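Worksheet for the structure shown next.
The values are calculated or read from the model by the stated rules, or taken from the named source; none is laboratory data. Bear in mind the structure is a predicted one, so any value in this text is a computation, not a measurement. We place every Cβ from the backbone using ideal geometry, glycine too, and count neighbours over all the protein chains shown.
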């Protein structure tokens, strides 16, 4: 974004596409990976959506997310079958034609035996006009980038390889730092003190995560900030509150 400092927050959304995810037939493994990956390089994943293989749903979601966040990443729906419609939906969202891309053909055709680069496989070489390709070191069929939208495969191993390929091209912000303070009590007991500490340290994000083990309730308190000094100060306040309430 023009005029922003390098340490400003960079935001992203992930759009998971596929009826098989919503039906439970396939268990999503990409949301957690992308969340961890982006956090590690200094990008905040702010939203994740799952939509069916329906053109209107995909186009609407892509247009909403790309207007709201710095980056959008999609997974799923760029394979060789009739229900893989992500590429045409992205083209529709951007108002450009979907074309058999000679760059993609040059990458994919040598990967198959003579005569085996079938029409079904050529579907994976259709790329929206004006898009850049995303390298696929696993199975060759590329993903693509258009505007701030990065379109990747749904197969986790391939999607992860594509993330590695695009990571150097992404603008990143200052990484979010975190500390965890364990509290041997239910979160309701410390909730009021945490609210006060959050108010005193507005540049932090404080979350409490209850746990139950053999009927005993405990809480993990996670403090996050991009500034280490601010993080340390808030963490000390949380630790003090826990100690005082523990008696």
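A single member of 194, 245 is in contact (Cβ under 8 Å) with a residue 40 or more places away in the chain and within 23 Å of residue 44 (Cβ to Cβ), and it is 194.
Criterion applied to 138, 149 was being touching a helix residue (DSSP H, G or I) at 6+ places or on another chain (Cβ under 7 Å) and without any contact (Cβ under 8 Å) to a residue 24 or more places away in the chain, and the one residue passing it is 138. Within the stretch 162-187, if we keep just the residues that are touching a helix residue (DSSP H, G or I) at 6+ places or on another chain (Cβ under 7 Å) and assigned to a strand (DSSP E or B), the residue that is surrounded by the most Cβ atoms within 10 Å (Cβ to Cβ) turns out to be 183. Number of residues in the stretch 1-13 that are on the phi > 0 side of the Ramachandran plot and either in a helix (DSSP H, G or I) or at pLDDT 95 or above (or both): the value is 0. Per the listing 34, 16, 59, 72, the residue uniquely surrounded by 20 or more Cβ atoms within 10 Å (Cβ to Cβ) and in a helix (DSSP H, G or I) is 34.
No other residue among 184, 229 is free of Cβ contacts under 8 Å to residues at least 12 places away in the same chain and over 24 Å from residue 38 (Cβ atoms) apart from 229.
One line per residue, one yes/no per condition, for (1) surrounded by 14 or more Cβ atoms within 10 Å (Cβ to Cβ); (2) within 25 Å of residue 170 (Cβ to Cβ):
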{"site": "82", "(1), (2)": "no, no"}
{"site": "117", "(1), (2)": "yes, no"}
{"site": "139", "(1), (2)": "yes, yes"}
{"site": "143", "(1), (2)": "yes, yes"}
{"site": "159", "(1), (2)": "yes, yes"}
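Scanning the stretch 37-55 for residues that are in a helix (DSSP H, G or I) and touching a strand residue (DSSP E or B) at 6+ places or on another chain (Cβ under 8 Å), we see that the one that is surrounded by the fewest Cβ atoms within 10 Å (Cβ to Cβ) is 39. The residues listed here are 87, 104, 91; of these, the one that is assigned to a helix (DSSP H, G or I), farther than 21 Å from residue 47 by Cβ and out of contact with any helix residue (DSSP H, G or I) (no Cβ under 9 Å at 6 or more places or on another chain) is 91.
When we screen 187, 129 for residues that are more than 24 Å from the chain's Cα centre (by Cα) and in the same structural domain as residue 71 (by TED's automatic domain parsing), the only hit is 129.
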